[in-house]
Each structure stands twice: as structure tokens, then as C-alpha cells.
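The values are calculated or read from the model by the stated rules, or taken from the named source; none is laboratory data. All figures in this text were calculated on a predicted structure; none of them were measured in a lab. Glycine gets a Cβ as well: all are built from the backbone with ideal geometry, and neighbour counts include every protein chain shown. Keep in mind that these areas ignore ligands, DNA and RNA; they rest on the heavy atoms of the full protein, side chains included. Shrake-Rupley method; radii C 1.70, N 1.55, O 1.52, S 1.80 Å.
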Amino acid sequence: MGGTAQKPLLSTGSFTGYHEESILELGSGYLSAESSRRQPLCGNREGWGPLSPYRYDFTPCFMDVWVAAVAAFGILGGAIAVWWLVKKKQSFLVARNWHFWTKQALIVAIALSVAVQAIIQVLNYPEVWAGDFRFWSSLLTIGSLGFIFAVQWLEHCRLRNPNGVVLFYWLFLLVAYSVKLRSLISQKVYHTHEAYFIAYSVGFGLSWIQFGLEWLVPKQKSEYHSLEDEDECPVEYATVFSILTFGWMTPMMRYGYKKFLTEDDLWNLAKRDTTKSTGETFQKSWDYEMERKHPSLWMAIFRSFSGPYFRGALFKIISDTSAFIQPQLLRLLITFVDSYRPGNPNPPQAVIKGAAIALGMATVSITQTIALHQYFQRAFETGMRIKTALTASIYSKSLKLSNEGRAAKSTGDIVNYMAVDTQRLQDLSQYGQQLWSAPYQIVLCMASLYQLVGWSMLAGVGVMILMIPVNGFIARFMKRLQKRQMKNKDSRTRLIAEIVNNMKSIKLYAWGSAFMQKLNYVRNDQELKTLRKIGAAQAVANFTWSTTPFLVSCSTFAVFVLTKKTPLTTEIVFPALTLFNMLTFPLAILPMVITAIIEASVAVGRLTSFFTAEELQPNAVQLMGAVEEHGEESLSIRDGTFSWDRHTDRTALQDINFSANKGELSCIVGRVGAGKSSFLQSLLGDLWKVKGKVVLHGTTAYVAQQAWVMNASVKENIIFGHRFDPDFYEKTIKACALTEDFAQLPDGDETEVGERGISLSGGQKARLTLARAVYARADIYLLDDCLSAVDQHVGRHLIDNVLGPNGLLNGRTRILATNSIPVLMEADFICLLREGKILERGTYSQLMAMKGEISNLIKTASSQDHSAEESSSSDSSTIISAGSDDREKGDEIEEAQEHLTQIQPIRPGGSGAKKRKGSKVALRRASSASFKGPRGKFRDEEENIKSKQGKEHSEQGKVKWNVYAEYAKTSNLFAVAMYGLMLIGGQTAQIAGSVWLKKWSEVNGKEGKNPEVGKYIGVYFAFGIGSAALVVVQTLILWIFCSIEASRKLHERMAFAIFRSPMSFFETTPAGRILNRFSSDIYRVDEVLARTFNMLFVNASRATFTLVVISTSTPAFIALIVPLSGVYYWVQRYYLRTSRELKRLDSVSRSPIYAHFQESLGGITTIRAYRQQLRFAMENEWRVDANLRAYFPSINANRWLAVRLEFLGSIIIFSAAGFAIVSVATGSGLSAGLVGLAMSYALQITQSLNWIVRQTVEVETNIVSVERVLEYARLPSEAPEVIHRHRPPISWPANGAVEFNNFSTKYREGLEPVLKNINLEIKAHEKIGVVGRTGAGKSSLTLALFRIIEPTEGNISIDSLNTSTIGLLDLRRRLAIIPQDAALFEGTIRDNLDPGHVHDDTELWSVLEHARLKDHVASMDGGLEAKIHEGGSNLSQGQRQLVSLARALLAPSNILVLDEATAAVDVETDALLQTTLRSPLFAKRTIITIAHRINTILDSDRIVVLDQGRVAEFGTPKKLMEDRQGLFFKLVKEAGLENSVK
């Protein structure tokens, strides 16, 4: 073709197709046909083309292939959709409104317009229309419209959303019609065939309206669906476009942006995602596997959940493939731009081709985005389902484990299965597809590279393979360091925990500085040292990481230039660079995937062994209906032999024959380990039945020996899943003697019992579990020693009101394992176990007559009773409580004593003769409550007390700028500035390298060969290595000078503030919260924050540089930056708020799952005994679902964001390409190299944009930790340690006279004063006793002396020096104290006596000798260096008390305060203490004793009696005893010691 033919071809290449050429030169138009056909099915002269030789356009026949393809899609898809709608979806009544009729009418109208076109075609192709493709494509279109009509008709009443086939049909039709319209314009059909053009345009316009109506206007809802819950997840009825773009998440994002998301705003789960349905699906598959010889968990998971996962794989293939189309398009674009170069021999290409390339790039990019995130979505959902299904299965399995199964798996193990192993499988499902996808990407990449540079690509691949072991080695090294770091972290956390828990002792002993030094040593010399190493390793890792792609490109280009004659031009360089960038990802991910697979297979192994562990024997116990009549047999064991572990020959119980009747109380007695508990558990079916038969009639209730209490309110613990019946509830509480206790608890029976019943005493827990059993109103009661944990008078009360013949349970069968004598007298039947066999049995009278073992037992016990009663401690838990009146107290003790020693006469007639008064009425069956979801809302551990403050932080959402400023300041501003410079330097060097490449390739292109190779490669290499080196320096600066410095200072400031906080802070703040600041918040400041800041800055600078590069190549792009960044900012703000809240809700709702699980594991026997497995499994399901309700939107929020940002990225790619094309076409002379450079950067920008937002979120989440640390660093502190102007003399207090002058104090603001106007004068060397009832203010007196609580008025002076005027350290060092609870720390004996290491060995040994500990310490391993465990657990209670005596002896003080231990120290230790205190050692000291037991202070010089914070009496014991009405006399009389004081 000559120049003349070229001209119309080019001028028709405009974007719209409009041009000025005459019609004659354009070849034959769309409506022309020839009778002689040159090609099959096409009567047009241009044939099948595909490109027309005359115009820059498709040929008319090929044009209609597109339209026909869309029509075929409509027919096939429509047919499938019709079948699916009719078969799978039920029809609802939906009013047909204007919207419906308009849509259907439009389809008819469009079909008519196509029919008109077909008629015009028939008229215009007179001979050939029947064999012409163009006519048939019109008919096909009409046919497809018919199918679409049918689908739209059906979907109206069967679907809540527009059908996907319909939406895609209209979309594709519009695309095809647009291309055809351009073609018609370029053929000037509007001149030649006006009627056809009008018909076509009308159809085209109506299609747009139809698409809009179908997609954007919401459908009429059916009556049924408009009643749906508003919490339903919109994904259920989202349109296909909304699903692809995650548009259905937008309402949640918008809501979360405006308001603070709470648990109630979350959507419900889709039915298929609920724990119930996933659990059932998995259980079916697993049961199927269990029938095989070697059940495989992999197969079960695969069978249950693989569907969506492999559909995800299809999306992954699409996304991977489209990623590799980009470099090919980039190559075409560069060629296109190059064709406009002035010296280029080839003619320039048409604009429409450039536009097609740019559109192609944008489309490919969007396709890739959509496909990738659909894949991710499916991977995450599958992971979520696998995890929930496994969690549910682990839970239900753990309720069925037999003893053998349980023995091998500790509670910790099982919780680990749930927390760790399921998580591993979830992680694998997120990575797993990379196992085939990464090699697939690598292969695609190699192929594309081969096509570009031939075999030179092998050089690059070689470099990559070499780098793999290097990276592996670094990773292993980092792992080692991380392990060491974990150890350091643990030891620091343990130390902090000890310090916080024993803060009172540390203050009393003035040991603050010693412990601060200890903490600093662990922190600075161990932890941060390792952290520095980690930082350095990180820097090296970054270096290898950032040099890899560069070395690869460098080596490839070098080999290419040296071995080939072809010039290395721009169209090779930039696509190759893009490909190399793509290669880094699959290479990096492969090792991770392999690790994940290994970890997952370990997890699968562990889970399989757990799921196949032995279960309870199903037929161990036969359950029958309840018996009606009194005296009927309600349970029996015939010839029972039972074993704990069926694989050994040892039996727990042998040849048991036993039966019990309705209305009887049977007692099982025996020594420890005789098998009493085993006996009860054999009735529950927990033991393996070797032989025999066990029958139970009716329901059971069980009270375990170790009370098992749930972490819920007291009331919920008693009701335990039954309906609430207030009258009977009251009765139960009275009978179980809980009324008083409820009065004392802070919220009565609504009080939350902490984990493992932490807020209740042992006796209270025992009675609580008994109340639970009573409330259950079961037929058979199995009680395991529920009397041993309660005091005797309470025991009496329980016998009378619950267990005995007149108790609440008198109409039930009761079996009690016990050693308590009083009960035996009430029992109908007694049975003695010895070594697993029944030795004696019978009624009380029979056994007493037999004079066998039981009668001996009872005789010896009753003789001890008298003595026991004398000393029975009066601080018991219930009936006698400190609050009740004292006279009552005395009466009650006496009453209880009478009862116990007198043997009650045995009532005649074992069974029927009993009067059953009221038992019928009181004990209707407890009906179970319907399950209404779990207990309580989830609470954030940070909330309870600080609810106000905790909320404030989050309400404002954004963290204040001054926190960032403070962090930068702490990090050292100079270092931060240096870091910034390095960062910019590194980025600049990187870009300079690419610019140099561009220059080099342009020179090569001009010359047509490769000149001066050495120079170009050398400079390129220098730039690359330079930028990598700057990256290393930047990482080092960041870690070693900024981050570690900052975290050292922050930790020091916080620790210092904690040590200086007044005691009231520790009393109002839970220890867990303080520890949280020191563990998780400090961890974030140490390790996470720096990394996220780094990523943020690196990506931000990358994105900025990219925009700069694009703008320099096409300045028009600058106009786009402002609106784009606006949109970006807006999307990011939306995401930030919602995502942060969702993450918080996710983590807050996760811990209750584990807590509930751990708790259930502790109470499995109880749960089974009450047959409540189902309720607990439901509760577990509910908790998991509650967590998923937060987790599901939080993963989708990430997808939502990514899709939005990648759309922005696609716009950037499109505009960069588009502007380049426009600028070239208008003759700006833009060079191909610059376009290549700009585009290769534009293709990477989406990743950076994505990362910026992610990291912003991370930074915001983690900077909160800095804020929280700073909050604690600014805590108000107590008085200064030393006041330099007022230091007491060295010898002070020489005499030790103490004076209280009108002294008052309270614990903290807003509380009542605990001491009021105290005036006392204690002379030197006096021995003073302080007595008073609980709460009179005795201990407050010692705290005031040490200024743990400061006076509100008055003062205390010692040796006439006002103690409020001197520093705390000076005061506390000069006083000695033996506190109530001896606080011992982990460490050596020396650390415990003298943490500051100021005394030498001889002093230490001498005090140990005086404290009577010398022999024990000498016998320990290492003497003074002997290890003491946490809390002093390897010393007895008494020895711990002696250690604190030794500490007091070390203190150089003339005043000793002795706060008597309430914990009953054993008698010998007590005697030792008392003798030591009365020895000459202490003769010269003033001793103030706070007495809890009167006998220890009867020989004091004077006695202070306190009452409600005031001094009631003060004088010598003798004088005080004379006042018969006085308080002191009363106290002495109560203790029965009147005779001792004479």
C-alpha cells in the first residue's frame, strides 16, 4: 500500500471514529453485500478481516461476532438461570410495580429495534441474507432478549436481587454495541442508511436505560422479605457487581465512620457460616472417615469445605494470568509511543490503537483486582469455616473424652488445639493455593522473559536461586534471636508481676530502688541487647531483600548486552523490569507456604490423635424413668467392677453390690484414697465398667469435691440452665446458708464470680455448688464430701436443712461420700469402702452394734469433738459473720456444740414411715430454660473501672498529634531527621538507577547496537547497590537509635512512675491491667511500632516518587493528583475507623471463647452429671458465632479497601497511559523511554497505596500503646523519697517514742475516714498491743505509721520529729515491720532478705539463726544463694513468716511493728515467734503488735482498744479487765481467756 492508501487509514483511526474522508474510499459499509461470496457466511467484500484494509476498524462481518457472542452468552446463561430459578428458588407474592413493567416493556422495545434492523438487513442483502452472519446475529440477539425477558420475569418474585446473568448480559451488550457504533460512525452509515442508524441508536439508548433500571433501582420486596431482620448480612442479596467490588460492605463502613461500632451493629452470619452448620457438615464427613481404618482429617476437611476453595482457585488463575498480560501491553504501548519518534522508519500508529492499549491496561488491571479479591475472599471464608468447625468439634469431643483419653491430654493441650492448631489450619487455607500458584507465576514469568530477552533470563534466575539459601539462613538466625527474646520477655513479665503483687511489702521495706535496679538489668542488659541484635539482623535481611530484584535485572541485562547483537531498547528493558518485580513475590512466598504446610500437617496429626482418642463407655450406665413411690429402688449396682484405665489390670472398685431407695440418705465412708469419689463417678458413667450392671432411675445432680464454679454471676451458677423460680430459689439459698454471704458480696447474687471462683472463699464455693444441686431438683443426688470445706456449725445447718431427714431433699435419693460424723447419725444407710471393696454396710444402729470399723471411727471422732469445738476458729465463712451481733454469735456457737455432741436418737423405720411434709410441693422438677444466647456481653479487659477513660480514647478515634511528637522526641529528633534523609536518598538512588537504564536503552535504540557496555552497567550497578546500602543504614538508624532508645526511655519512665505511685493506685487498678501495659504495650513499642512506621514511610515515599515520575513525563497528570488524593484520603478515613473498631470487637470477643472452653474442661464431670453437654456446646457455638460476626466484616473490610484502592491504581495506570498517548498524538515528542519508565512505576503504585493505608491503620493501632505507656508514666506519685533539707539524724529514732497527735486519715478521696482524731503517746521501749474487731482500723494504724496512707489532719511524731516532714525513704528505712503476709520473691535467700545487697554474710547468718531458720537454710542447696520459687512456694507458711522476722531483725530500727498473721500459722512457729520477740534482742525496742488473737498480747505493757477508727480504751491489761462493761473485757471473755489475765 502506498502513501495514498495510508492516509484514510490513519485519519479514520480517531477515538470516536468520526472523520472527514469521503465515503468512497472507505471500502464497503456495514449494509453492503455482494452476491458472489468470497468467504463463507459473509457477503461483505471486506470478508472476515478481522481488521478492515480501508479503515482503522474491524470488518462488518467480524464486528458482529462480538454481538453474536454476547447473544450466545444470553441464551446459554439465560437458559441455566431460568432452570435454576424454577428448580431451586421458591416463589413469593411480589406486587408487580412500574419498575417491573418498565423493564419488561423496554426489552420488548429493544427486541423490536433489533427486528427493524434485521428487516433492513434483509432488504439490503437481497440474494445472500439467508447465508449472511450479520442477519443471523440479529436473530440471535432477538432470541437472547427472549431468554433475558424470561429471567427478569421469574426473578421478580423469586429473588431479592437482580440476577447476575442479566446484569452481565446488559453490560457486555453495551460494550459490544459501543464498539459497533464507532464502526458504524467510521463507515458513515448515518449518510448512507439513515433508517438503520436510527433503529440501531434507539436500541443502544434503550439498552442503557434498561441496564440502569435493572442494576441501580432496587426491586420491590415481597411481604415476607420486608419482615426480615435488619441485622441480616447484605451479602445475602447483593448484586453480582456489588459482590465483585465488595460494595455490600459500604453501609457498614459508612456507619462505622460516623459512629462508634458496637457489638449490636454487626450483621448476623449467613446460615452457611454459622458454627452450627459448619460443625454439622464437618461432623458428617468425619463420621464417614471414622468408618475407615485410618481416618484422615485432611480428607474430612477437604470433603466439607473444598467447594468454594477450588472455585477460588479459578479466580486465582485469572488474576495470575492477567498480571502477566500487563508487561505485554506495556511493550505494545512503548512501541506505539516509539512510532511517533521523529527518526523512526515505521509510520506512526493510529490513536485508536493507543486508546485500545490504555483501555486494555485498565481493564486487565481491574480484572486482576476483582479476581484476586474474590480468591482471597473465598480463601478467608474457607479458613474461617475450617476453624469454626474444628473448634466446635474439639469442644464436643472434649465433653465425651474418657478418663484414658483425658489422661493423655491436659487441659492446656486441649485449649492449645483450639487456639493454636485450628489457627494453623486457618493460616494454611489462606496461603495454601500459593503452592501451585507461585510455581505457575514463576513459569509464566520465565516464559514472558524468554520472549523478551531469550536465554539471558537464566542469569537472573540463577541469581534468584542463589539468594534463596541466604535469605533462609537469615530467617533462621532471626528465629533464634526471637526465641531468646521470648525468654527475656517472660522473665521481665514475671518480675513485674511479682513487683505489682507485692508492692505493699516493697514500700514498707523501702526496697523500691533495689527492685528498680533488678528490673533495669533484665530490661536493658538482656532484653534490649537482644533487640539490638534483632535490629541489625533485620537490616541485613532488608539489604538482601532489596538487592535481589536489582541484582537479577543487572545480571540479565549484562548477559543480554554481552551475548546478543540486538540492541537493548526501551521496549525490552521496562517490560523486563516489571516482570522482575513480579517475580519477587512468588519467590518470597514459597518458603512461607512450605513452613505453613509443615506446621499445618503437624497440627492435623495432633488433632487427629485427639479426635480419635477414647470416648466414654456408652453403656456404662442404664438410664430409666424416675420412680414414683417412696422406698422404691432408684439406683443399683450389681456385681460392678470398675477401672480408671481399661488398658491396665488395676481396678478402682471391685465386686460392688449396692442399691439405694427414693427418700434415703446413704453415706459412703472410708479413708483417703479408698475409692469414695470413684464410687460416685462410677454411678455417673465416668469410669470404665469392666463387668456388672449399673441402673439409674431419673435425673442426677452432682456436687464435686473440688467445687467447680463458672465465671458468671452467683445466680447463674445456682440456676445452671434451669428456669428461674424465685420462691424455690429463696428456699435453696436459705437452706444452703448463703443468705448472709449474699449480703456481703458487692452485688448480692448478681456478683460476678471471677475465673475459677476467685471472689469466693472455699466454703462459699462448696455451698454454692450444693445450692446448684438442690436447685436442679433431681431424682438422685451424688454428693462428694460437700461438708469438709465448711465449718462445723455450718455443716450442722446443712445437715438439718438440706441433707437430713427434715431437709429440702428428704424425698430424694441422696448418696453422700463423707467422713463427717454428724451426718452418719442421720443416715439411713452407711457403707464403708476399703481399697475399692465394700467392707461394712448397714444402718447406723446396726453398725454401732457390730462394733466394727465404723463404730470405732465414730467413737474416736466424738471424743475429739469437745476439744475441736474449743479451738474452732471463729472467723468462719457464714452464719457467724463479722457483721452479725455478738451475743447472737455466742449463742450460735453454743447451740452448734450442743447439737454435735449429743447423739440424736435414730428414727425407727428406714423408709416409708417418714412424714414427707412439703417435699412434694417444694420440689417440682426443675424445667430447663430455653437457651437465649450466652451470659452477658463481652467486656474489654480495659473497661470495668476506667470505663469513662477507656471510651474517650477510642471515641476521638485519632490519636493526638502530641503523642506522635512525644514519641519522636523520645526517639531522639536528630536520629529521626537522619532516618528521613537516608530514606529519601535511598528512593532517589533507586529512581536514578531506572532513569539511567532509560538513558542507556535509548542510546542503544538510536545506535542500533550496544555501545560502551562497561560504563552503563557500572553506573547502573553503583546506583542499585548505593540505594540498598542506604536502606541498611536507614533500618539501623531506625532500630538502634530511634526505636530502641524510645522504648528504653518509655519503659523506664513507666516503671519509675509505677514504683512511685501511692498504694491507692494498686488497690483500684487490677494487676492484670498494669501487667498488660508492661507486656503487650511495651512489646508493641519495642518491636511492632518501628516496623510499621518504616513500612509506612517507605511506601509513602515510593508512591510520592512514582507520582512525580509520571507527572514529569506527562504534566497533564498533575491535574488528576488532587482529586485522586481526595478520593484516596476519603476511602482511607472510612476504612481506618471501621477497621479499627472491627479489629477491637474481634479481639474482645475472642477471649471469651477460650475462657469458656477452659472453664468447661474444668467442670466436665459436673456438666455430664447434669446432662447439660448440649447447653454448653450451644454456648460455645454462640460465642464462636459472636466472634465471627466481628471477624467476617473485618476481613471483608480489608477486601473492600483493597478493591477501592486498586481501582484508584487502575485509574492512575489508565490516565498515565492515556495522557502519554494524547501528548504523543498531539506531537509533543515524548520519548518512549520516559513513558516506559513512568508506566513501569505506575504499575507498582497500587501495592504502595494499599500498604500505606494498611500501615496507617497499624500505626494508629500501635501508637495507642505509646499513649497508654505515657498515661502511666504521668501517674501522680507519692511524697518524695528524700527531702534534702529535712534529713533525720543518723541515730534517729534512738529511743523509739511514738506520738499520735489528733491524727485522722482515709484510704483515698471520697471514702470515709478510717482513723478519727487519734491521740496516743507511746513511751520508749514499751510493748503495746492493739486490739479491736475487724474493721476497727488496727491495720490502718501501721499503714499510717509508714505513711502508706497520708494523714488528713494531725501528725505522727517519732522521738518528737514530725514524720510528715521527712522523705519516705528516710522514714521507712528506720522502721521495722513483720507484715501479715510474708511476701517472698523469686530469687535467692539473700535477695529476699536484703535485695539491695548492703549487708554481709555474717549479719545475714546471724539474723537467720535468731529467726530459727539457720539450719533449714544451711540444708538447702546453695545456702544463702539457695533458690526460692515464685511466691516462696518451696517454703512452708511458717518458714515464710520466719523470713519476714529475719528481715525485721536486719532493719536498724528501735521500733518494730508486728502485724499478726491472720493466716493460722502453725502452733510451733507461733511459739517460736513469740519467744524470739520476748528475748533480750528486742528488749530495747518499742514493739507495737496488732493482735488478731488476744492471747498474744495479754502480757503487753499497755493495750490500745480501737473501735470504729477511734481509741476506745488505753491502759494496762489489768486496768482494762476491771471494767466489766468495757470492750476489752468482752473480747477476752469471747476468747474464753478471763482466767489468764489476773
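Rounded to the nearest 0.05, what FRET efficiency is calculated for I1118 and R1073 with R0 set to 45 Å and r the Cβ-Cβ distance?
Working: r = 51 Å, r/R0 = 1.14.
That pair, I1118 with R1073, gives E of 0.30.
Do any cysteines of the chain lack a neighbour Cys whose Cβ is under 4.7 Å away, and which are they?
C157, C233, C445, C554, C667, C736, C786, C831, C1042 - these cysteines have no disulfide-compatible partner (Cβ-Cβ under 4.7 Å) in the chain.
Starting from the residue with the highest accessible area, list H797, H647 in decreasing order, probe 1.4 Å.
Largest to smallest exposure gives the sequence H647, H797.
Need the list of lysines near K479 for cross-linking: C-alpha distance under 24 angstrom, and skip anything on the same chain fewer than eight residues off.
Straight-distance partners of K479: K487, K489, K529, K533.
Could you tell me which residue out of V522, L425, V461 lies farthest along the dipole of region 379-536 toward its positive end? Charges go on the beta carbon: Lys and Arg +1, Asp and Glu -1, centred on the Cα centre.
V522
Dipole size in debye (nearest 20) for region 48-139 around its Cα centre, Lys and Arg Cβ +1, Asp and Glu Cβ -1? Walk me through the numbers before you get to the answer.
Numbers: 7 positive and 4 negative charges, 137 e Å.
It comes to approximately 660 debye.
In whole Hz, with x marking every Gly and Pro, tabulate ³J(HN,Hα) for region 1268-1285 from phi via Karplus 6.51 cos²θ - 1.76 cosθ + 1.60, θ = phi - 60°.
For region 1268-1285, the Karplus-derived couplings read 5, 5, 5, 4, 6, 5, 9, 5, x, 10, 7, 4, x, 5, 9, 10, 5, 6 Hz, x marking Gly and Pro.
Once the piece of chain linking N471 and T563 is laid out straight, how much longer is it, given 0.36 nm per residue of separation minus the C-alpha distance between them? Present the calculation step by step, with values, prior to reporting the outcome.
Values: separation 92, 0.36 × 92 = 33.12 nm, distance 3.01 nm.
Roughly 30.1 nm would be gained on extension.
Per residue, how much accessible area does the chain have with a 1.4 Å probe, in Å²? Before the final figure, lay out each step's value.
Values: 66860 Å² over 1542 residues.
Spelled out: the 1.4 Å probe surface of the chain, per residue, equals 43 Å².
Counting only residues 5 or more places away or on other chains, whose amide H sits under 5 Å from the amide H of K693 once H atoms are built in the peptide plane?
R638, G640
Tell me, how many Å apart are the Cα centres for region 1399-1414 and for region 798-832?
So the separation of the two Cα centres works out to 54 Å.
I'd like the carbon and sulfur percentage of the solvent accessible area for the chain, probe radius 1.4 Å, heavy atoms only, ligands and nucleic acids excluded.
59 percent
For region 722-859, what is the percent of antiparallel DSSP beta bridges, rounded to the nearest 5?
Working: 5 of 10 bridges.
Antiparallel bridges: around 50 percent, rounded to the nearest 5.
Any number yet on Rg/Rh for region 505-631, C-alpha, Kirkwood?
Values: Rg = 32.7 Å, Rh = 23.3 Å.
Reported Rg/Rh (Cα atoms, Kirkwood Rh): 1.40.
In terms of the Cα gyration tensor, with a ≥ b ≥ c the square roots of its eigenvalues, is the chain rounded because a/c is under 1.5, prolate because a/b exceeds b/c, or oblate?
Values: a/c = 2.87, a/b = 1.76, b/c = 1.63.
Prolate is the answer for the chain, as a/c is 1.5 or above and a/b outweighs b/c.
Angle, helix 1089-1113 long axis vs. longest principal axis of the chain, Cα atoms, 0 to 90°, nearest 10?
On a 0 to 90 degree scale, this one is about 10.
When N is the residue count of region 574-692, what does its C-alpha Rg come to as a fraction of 2.2 N^0.38 Å? Display every interim value, and only then the final one.
Values: Rg = 28.8 Å, N = 119, 2.2 N^0.38 = 13.5 Å.
Relative to the rule-of-thumb radius for its length, region 574-692 sits at 2.13.
For K1427 and R1478, FRET efficiency with R0 = 41 Å and r from the beta-carbon atoms, rounded to 0.05? Spell out each step's value before the answer.
Numbers: r = 33 Å, r/R0 = 0.81.
Calculated transfer efficiency: 0.80.
With θ taken as phi - 60° and the coefficients 6.51, -1.76 and 1.60, list the Karplus ³J(HN,Hα) couplings across region 1053-1066 in order, rounded to whole Hz; mark glycine and proline as x.
The phi angles translate into 4, 5, 4, 4, 4, 5, 5, 8, 6, x, 4, 4, 4, 6 Hz.
Treating the angle as unsigned and between 0 and 90°, give the value, to the nearest 10°, between the Cα long axis of helix 853-871 and the longest Cα principal axis of the chain.
80 degrees
Angle check, please: helix 422-431 long axis (alpha carbons) against the longest principal axis of the chain (alpha carbons), in degrees 0 to 90, nearest 10.
10 degrees
Quote the accessible area belonging to M850 in square angstrom, nearest 10, computed with a 1.4 Å probe and with ligands, DNA and RNA left uncounted.
110 Å²
To two decimal places, what compactness ratio does region 464-543 give when its Cα radius of gyration is scaled by 2.2 N^0.38 Å? Spell out each step's value before the answer.
Working: Rg = 18.2 Å, N = 80, 2.2 N^0.38 = 11.6 Å.
Cα Rg divided by the expected 2.2 N^0.38 Å: 1.57.
Residue farthest toward the positive end of the dipole of the chain, with Cβ of Lys/Arg at +1 and Asp/Glu at -1: which of S1228, V202, L816?
Of the listed residues, the answer is S1228.
When a/c reaches 1.5 or more, the comparison of a/b and b/c decides; with that in mind, is region 270-394 rounded, prolate or oblate per its Cα gyration tensor?
Here region 270-394 falls in the prolate category.
In the chain, what percentage of the DSSP-assigned beta bridges are antiparallel, given to the nearest 5? Could you put the intermediate results ahead of the total?
On the way: 44 of 80 bridges.
Taking every DSSP beta bridge with both residues in the chain, the antiparallel ones total about 55 percent.
Quick one: ranking K1533, K219 by accessible area, 1.4 Å probe, largest first, what do you get?
On the way: K1533 120, K219 30 Å².
If we order K1533, K219 from most to least accessible, we get K1533, K219.
Let's see if you can work this out: charge +1 on each Lys and Arg Cβ, -1 on each Asp and Glu Cβ, no other charges. What is the dipole magnitude of region 713-822 about its Cα centre, in debye to the nearest 20?
Details: 12 positive and 16 negative charges, 83 e Å.
So the magnitude is around 400 debye.
Roughly how big is the chain's charge dipole about its Cα centre, with Cβ charges of +1 (Lys, Arg) and -1 (Asp, Glu), in debye to the nearest 20?
Numbers: 167 positive and 148 negative charges, 737 e Å.
Result for the chain is approximately 3540 debye, rounded to the nearest 20.
Give the ranking of F1157, F1059 by solvent-accessible surface, highest area first, calculated with a 1.4 Å probe. Before the final figure, lay out the partial values.
Details: F1157 0, F1059 20 Å².
Putting F1157, F1059 in descending order of accessible area: F1059, F1157.
Diagonalise the Cα gyration tensor of region 364-473 and give the resulting equivalent ellipsoid semi-axes, square root of 5 times each eigenvalue, largest first, whole Å. Write down the numbers at each step before the final one.
Values: eigenvalues 382, 81, 15 Å².
Each semi-axis is the square root of five times an eigenvalue, giving 44, 20, 9 Å.
With point charges of +1 on the Cβ of Lys and Arg and -1 on the Cβ of Asp and Glu, referenced to the Cα centre of region 1342-1424, which listed residue (A1344, S1360, L1371) lies farthest in the positive direction of the dipole?
Checked the options; the winner is S1360.
Run lengths n ≥ 4 of DSSP H only: what is the helix-derived mean residue ellipticity at 222 nm for the chain, with -39500 (n - 2.57) per run over all residues, to the nearest 500?
After summing the helix terms and dividing by residue count, I get -19500 deg cm²/dmol.
Give the shape of region 1177-1286 as rounded, prolate or oblate, defined through the alpha-carbon gyration tensor: a ≥ b ≥ c are the square roots of its eigenvalues, a/c under 1.5 means rounded, and otherwise the shape is prolate if a/b is larger than b/c and oblate if not. Don't skip to the answer; put the middle values down first.
Values: a/c = 6.62, a/b = 1.73, b/c = 3.83.
The shape class here is oblate.
Any idea what diffusion coefficient region 1230-1279 gets from Stokes-Einstein, in µm²/s, Kirkwood Rh on alpha carbon pairs, 37 °C, 0.692 mPa s? Write down the numbers at each step before the final one.
Details: Rh = 14.6 Å.
In µm²/s, the coefficient is 224.
For R1510, list long-range residues whose amide hydrogen, built 1.01 Å from N in the peptide plane, is under 5 Å from its own amide hydrogen.
Amide H neighbours of R1510, under 5 Å, 5+ apart: K1316.
Order of 697-707, 1158-1168 by packing, highest average Cβ count within 10 Å first? Don't skip to the answer; put the middle values down first.
Values: 697-707: 21.6, 1158-1168: 19.8.
Descending packing order for the listed peptides: 697-707, 1158-1168.
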